[in-house]
Amino acid sequence: MFLIPEPQKLTHTVIQISDTHIVPEGSLMMGKVDTHANLVAALEQVEKSGVQVDALLLTGDLADKGELDAYRRLRDTVEPVAERIGAPVLYVMGNHDSRGPFREGLLGAEPSADTPHDYVHWVGDLRIIVLDSTEPDEHAGLLSDAQLRWLADELATAAPAGTVLALHHPPVPSPVEMLNGMILSQSAELADVLRGSDVKIVVCGHAHHASAGSIGGVPVWVAGATAYSARTLGPADQFAGLTGGFYTRLDVFPLGAVATSVPVDPGAAVYEMNLTDMVELAEEYGLTSA
C-alpha cells in the first residue's frame with residue numbers, strides 16, 4: 001500500500017519495558033508511585049495497538065527491592081498479555097533485582113543458582129542475546145571476562161536477521177553526572193567484542209531517561225523507565241526523579257534498527273487520521289505503490 005524501500009521494511013518488532021520497579025501488592029514504590037499501574041497501562045497500549053509484537057523484552061530493575069512477591073506480581077501481569085499477543089517474554093537482570101527470587105518468581109527455576117542470567121533467544125531469524133551486567137550488592141554494571149568470551153563466541157556466527165544485545169547497564173555515559181558512576185564498567189571491552197559483529201543495536205535501561213549513543217560502531221539505546229523518569233536538565237548539584245513513565249518500540253529492518261520512546265500516558269490527540277485519510281495523504285505525496 002505505502003511505498004517503502006525494501007531495505008527499510010520492518011522485519012521484527014520488540015517491545016522493551018525497563019525499570020518497572022514493581023513492589024508487592026498493596027504497596028507503592030517510595031510510598032508514592034504506583035509502578036504496577038504504569039506497567040499495566042503500557043501493556044494495555046501494546047495489546048490494543050494491534051502491532052505484531054515478536055517479543056516483550058524487560059531490561060532489568062524489574063522488582064524495586066528484589067522481593068519474590070513482586071516478581072510473582074510482575075509475572076502474573078505480563079505473561080497473560082504476552083500469551084494473548086503471541087509474544088515470548090525475555091527477562092533481564094538489573095541491579096535492584098535479586099537472582100534467587102528473580103529465578104524463582106519469574107522463571108520457575110531453583111533460586112539457589114547465583115550465576116549470571118545470560119542466554120540467547122531466537123525470534124525467527126533474529127537473535128536476541130541477554131547479558132546479566134549485575135554483581136550482587138553493587139549498583140555499577142560489571143561483565144566478567146568469561147561473559148565477554150561467551151558473547152564473542154556467540155557472535156562468531158552471524159544471525160540471518162542480525163542480533164539485538166540486551167543488558168541493564170548502559171555502556172555509554174549519561175548527561176546526569178551522578179549516574180556515571182553506575183554505568184557499565186567494561187564499556188571498552190564490550191566495544192572490542194561488538195566491533196565488526198552483526199549486532200544491530202544494544203538496548204539497556206538503568207538511567208531512567210531515554211538516550212542514544214554508540215560503542216564499537218554499534219548504536220546504543222538507553223530506554224526510558226516505566227516506573228518514573230530522571231530529570232536530565234537541572235542544577236548540577238541536584239537530582240530528581242519525576243512522575244511519568246516510558247517504554248520502547250524497537251523495530252528491526254534489513255539495514256539496522258530504530259528505537260522509539262513511547263509515553264505511558266500519551267496525552268490528548270492533536271489530530272487523528274483513519275486509513276482512508278492516510279491513503280489519501282500518501283497518494284497526494286506520491287508515497288503509494290501501484
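Which residues, taken from the range 188-229, are over 25 Å from Thr20 (Cβ atoms) and of a type in the set (S, T, N, Q)?
Of everything in the range 188-229, those that are over 25 Å from Thr20 (Cβ atoms) and of a type in the set (S, T, N, Q) turn out to be Ser197, Ser214.
Are there any pairs, at least 6 apart or on different chains, whose C-beta atoms fall under 6 Å, with the first in the range 153-169 and under 24 Å from Glu135 (Cβ atoms) and the second surrounded by fewer than 24 Cβ atoms within 10 Å (Cβ to Cβ) and among the hydroxyl-bearing types (Ser, Thr, Tyr), and if so, which?
Taking only residues 6 or more apart or on different chains, the pairs are Leu155/Ser197.
Cβ-Cβ under 6 Å, sequence separation 6+ or interchain: first residue in the range 185-199 and basic (Lys, Arg), partner surrounded by fewer than 18 Cβ atoms within 10 Å (Cβ to Cβ). Which pairs?
Correct list of pairs: Arg195/Gly217.
Looking only at the range 122-170, how many residues end up being assigned to a strand (DSSP E or B) and surrounded by fewer than 16 Cβ atoms within 10 Å (Cβ to Cβ)?
Matching residues across the range 122-170 total 1.
Of all residues in the range 93-111, which are small (Gly, Ala, Ser) and part of a helix (DSSP H, G or I)?
Restricting attention to the range 93-111, the residues satisfying the condition of being small (Gly, Ala, Ser) are 94, 98, 100, 105, 108-109.
Gly100, Gly105, listed by residue number.
Mind listing whichever residues of the range 215-245 are aromatic (Phe, Trp, Tyr), modelled with pLDDT of 90 or more and either touching a Pro at 6+ places or on another chain (Cβ under 7 Å) or part of a loop (DSSP other than H, G, I, E, B) (or both)?
Within the range 215-245, Tyr228 is the sole residue that qualifies.
Listed here are the residues, each with its yes/no results for (1) outside any helix (DSSP H, G or I); (2) of a type in the set (Asp, Glu); (3) within 22 Å of Trp122 (Cβ to Cβ).
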site	(1), (2), (3)
Val53	yes, no, yes
Leu57	yes, no, yes
Lys65	yes, no, no
Ala70	no, no, no
Val78	no, no, yes
Glu83	no, yes, yes
Tyr91	yes, no, yes
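The values are calculated or read from the model by the stated rules, or taken from the named source; none is laboratory data. Predicted model, so just to flag it, every value in this text is computed and none were measured. Don't worry about glycine lacking a Cβ; one is built from the backbone with ideal geometry, like all the others, and counts go over all protein chains shown.
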